[in-house]
Amino acid sequence: MISRYRLETLGMRTFVYVFLIVLLVITVVPIWLLVVNATRSTTEIQQGLSALPSTHLFENFRILESKGLHMGRGFANSLFVAAASTVVAVYFGFLTAYGIVIYNFKGRNLFMGFVVLLVLIPMQFSIVGFFHYMSRFGLTDNYAALIMPLIASAASVFFAKQYLESVIVQELIDAARIDGASEIGIFHRVMMPMAVPGMATLAIFAFVAAWNNFFNAFILISSIDKYTLPMLVQTLRGDVYRTEYGAIYLGLAITVVPILVMYALFSRYIISGIAMGALKE
Amino acid sequence: MRRAKFNTHSYGYLFIAPFIIGFLLFGLYPVYHTLTLSLTDTTMMTRQAEFIGLENFERLFADDFFLKAVSNSWLIWSLNFLPQIGIALLLAAWFTDVRLKIRGTGTWRTLFFLPNLLMPAAVAALFFSLFSYYGPVNQFMVQAGFQSEAVHYLQEIVSTRGLVVFIQWWTWFGWTTIIIMAGMTAIPTHLYEAAMVDGASAGQMFRRITLPLLKPILIFVFVTSLVGGMTMFDIPFLLTDGRGSPASSIMTNNILMYLKFSSSKGHIAFASSVGVLVFIMTTVCALGFFYLLRDRQPKASVKAEGQLAEIAARQGEPA
């Protein structure tokens, strides 16, 4: 005899799994179609849907390049901007957070409160002023305008502070001080090796954010040879590629696949990085 | 010997100095500059700009396009936020339910979060292709007999707006689920045990224990999502012609700002005033919401603060 209680649980559980599978299909199908269609020819795509890859990957790439869109260069540009942004955001994020966590200076709590406020304030509304001000220094159409603001990335500082509070061992720092290490030397040689997992997690988020950033790059960068991938995607939407479906999907896949690979490797860190704030107090 | 007098804790100022300098140069000054620009008649062409007071703002309020952009942003945001938070609450409740024992919760979360990492520009272009006249969606709908013939999805107001709402929801529901689930697992289990002893039903426990203790997290999700929604750009910009077609139905605040900015004269003063007004509107709404849901017990705010680590990590603006 199955009790009514167990029967109810069983029914509920079945319902939940069905619901989850439906959500999964909605989540994955568009991404799957994107990757699969990148390997199919335009004719095949027009003939109908397919869940299986085809063999036209290289042909699509040839078409993509033949119309004057240099995905390779865009990829390199994006890689450079994202890597530089990541280094700046992670290094200065941890530097600032270390100052907050280790030193009990006057105004520390006020400064931390200010950082939290900055995280919530939408800075995008000042992009026009930022552009105009950068143009005075000739820094528009320059990657520096995209990268340098990350010196003051409040979000990175917040993450780094949360992380450092859980890993820092004060005794090690005191010991290094007795051994005569300079304060910045302690940061570089004692703290940084200890914080590698946290820095890696922040690096993933910083990289994805910079890689995907369209709006700022779109406002600030103007010459075509400096276009990053999201800006090339905008070009892909244009008339030149109107009927070249295979090439369009391939162009989009090129922007997405590196992130998919990264996610396959590091999803554990990404998910726990998101949840981290909540699990700590 | 001078060094011995220098308090070690003062080194803190040196460590935070780059941040403060960076903030003054790239954060605060642009904000100040945007504000002052919005009070002038500056264009990209002019060298000399004149102070014109609040004239830009008067013109904005008289401008149907501005009102349309604001109402579009609110409509698109609220239509995606409600199902987003609803499904996230549901999933988080199921995943943490000890009686249901759902398997592979980690894997489900990981998969549902996937769309969030993809480049929004590419996602917009992808859905443009999927829903175009000769695209796969039309093929499928016609072949399966749901439609008698192909439809111009992106020329209809309802389907275009619906698609933007869907994409925003698709991008963010996994993120919201992870945040809410983290909040739920942080609730002490003894509270539920005590409630169970008192004979509370699952629904009662959800309303009386889970929701109140989740409030700081819900406020956090609301505020970050609102900020993202009010500054939404990539998806509506790239889904149609970049002007919010059809009939300006997906023209959002930031698209309008961009259109003013990139207009032939480069009306950057006017574009700045759009940014300023959107900022004021968003901040007032966020603060109002904080005030309405404020917790009388100060402890809860600490938790909401803890939630920020996640944006910390992302630096993106959720929508």
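Mind listing just one residue for me: the one in the range B:83-99 that is in a loop (DSSP other than H, G, I, E, B) and out of contact with any Ser or Thr (no Cβ under 7 Å at 6 or more places or on another chain) and, of those, farthest from the other protein chains (Cβ to nearest Cβ)? Looking at residues that are in a loop (DSSP other than H, G, I, E, B) and out of contact with any Ser or Thr (no Cβ under 7 Å at 6 or more places or on another chain), I get B:VAL98. Scanning the range B:36-82 for residues that are outside any loop (DSSP other than H, G, I, E, B) and more than 23 Å from B:ASN254 (Cα to Cα) gives a single hit, B:PHE51. Can you confirm whether A:ALA97 is within 30 Å of A:LEU250 (Cα to Cα) and either modelled with pLDDT under 90 or buried (at least 22 other Cβ atoms within 10 Å of the Cβ) (or both)? Criteria not met by A:ALA97.
Name the residues in the range B:10-43 that are surrounded by fewer than 15 Cβ atoms within 10 Å (Cβ to Cβ) and either within 19 Å of B:LEU259 (Cα to Cα) or of a type in the set (D, E, K, R) (or both), would you? Hits for the range B:10-43: nothing passes. Sub-9 Å Cβ pairs linking a first residue in the range A:65-85 that is without any contact (Cβ under 8 Å) to a residue 12 or more places away in the chain to a second residue that is surrounded by fewer than 17 Cβ atoms within 10 Å (Cβ to Cβ) and small (Gly, Ala, Ser), at least 6 apart or interchain, are A:GLU65/A:GLY72, ordered by first then second residue. Residue count for the range B:214-240, restricted to those that are hydrophobic (A, V, I, L, M, F, W, C) and outside any helix (DSSP H, G or I): 2.
Among all positions in the range B:194-202, there is no residue which is in a helix (DSSP H, G or I), hydroxyl-bearing (Ser, Thr, Tyr) and at pLDDT below 90.
Those helices (runs of 4 or more DSSP H) of the range B:242-319 that lie entirely within it include none in which at least 1 residues are at pLDDT below 80, touching a Lys or Arg at 6+ places or on another chain (Cβ under 8 Å) and over 29 Å from A:LYS161 (Cβ atoms). Here the condition is being facing another protein chain (nearest Cβ under 7 Å), under 25 Å from A:LEU146 (Cβ atoms) and polar (S, T, N, Q); of A:THR96, A:THR86, it holds for A:THR96 alone.
Do the conditions hold for B:GLY229, that is, is it farther than 24 Å from B:SER71 by Cβ and crowded, with 22+ Cβ neighbours inside 10 Å? It is false that B:GLY229 is farther than 24 Å from B:SER71 by Cβ and crowded, with 22+ Cβ neighbours inside 10 Å.
As a summary of the residue check, A:PHE58 satisfies the conditions (1) at pLDDT below 90; (2) crowded, with 16+ Cβ neighbours inside 10 Å; (3) in a helix (DSSP H, G or I) except for the one numbered (2).
Against the numbered list (1) at pLDDT below 90; (2) on the phi > 0 side of the Ramachandran plot, A:GLN162 comes up short only at (2).
In the range B:153-187, how many are within 16 Å of B:PHE95 (Cα to Cα) and either not aromatic (Phe, Trp, Tyr) or not in a helix (DSSP H, G or I) (or both)? Qualifying residue count, the range B:153-187: 13.
Each row is one residue, and each column tells you yes or no for (1) under 26 Å from B:THR107 (Cα atoms); (2) touching a Gly at 6+ places or on another chain (Cβ under 9 Å); (3) among the hydrophobic types (A, V, I, L, M, F, W, C).
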position	(1), (2), (3)
A:ILE21	yes, no, yes
A:LEU24	yes, no, yes
A:LEU49	no, no, yes
A:LEU52	yes, no, yes
A:THR55	no, no, no
A:ARG62	no, no, no
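Put simply, of B:ILE180, B:ILE87, B:ILE167 the only residue that is of a type in the set (Val, Ile, Thr), surrounded by fewer than 22 Cβ atoms within 10 Å (Cβ to Cβ), under 20 Å from the mean Cα position of the chain (by Cα) and under 30 Å from A:GLY273 (Cβ atoms) is B:ILE87. Taken over the range A:131-171, residues that are closer than 30 Å to B:SER263 by Cβ, at the interface with chain B (Cβ under 7 Å from one of its Cβ atoms) and in contact (Cβ under 8 Å) with a residue 60 or more places away in the chain amount to 1. Residue check: is B:ARG59 out of contact with any Lys or Arg (no Cβ under 6 Å at 6 or more places or on another chain), surrounded by fewer than 17 Cβ atoms within 10 Å (Cβ to Cβ), in contact (Cβ under 8 Å) with a residue 12 or more places away in the chain and not aliphatic (A, V, I, L, M)? Yes. Just give me the residues in the range B:216-227 being facing chain A (nearest Cβ under 10 Å) and in contact with a Phe, Trp or Tyr (Cβ under 8 Å, 6 or more places away or on another chain), in sequence order. Scanning the range B:216-227 gives B:VAL223, B:LEU226.
The values are calculated or read from the model by the stated rules, or taken from the named source; none is laboratory data. This structure is a prediction, so every number in the text was calculated from the model and none was measured. In this analysis, Cβ positions are derived from the backbone assuming ideal geometry, glycine residues included, and neighbour counts consider all displayed protein chains.
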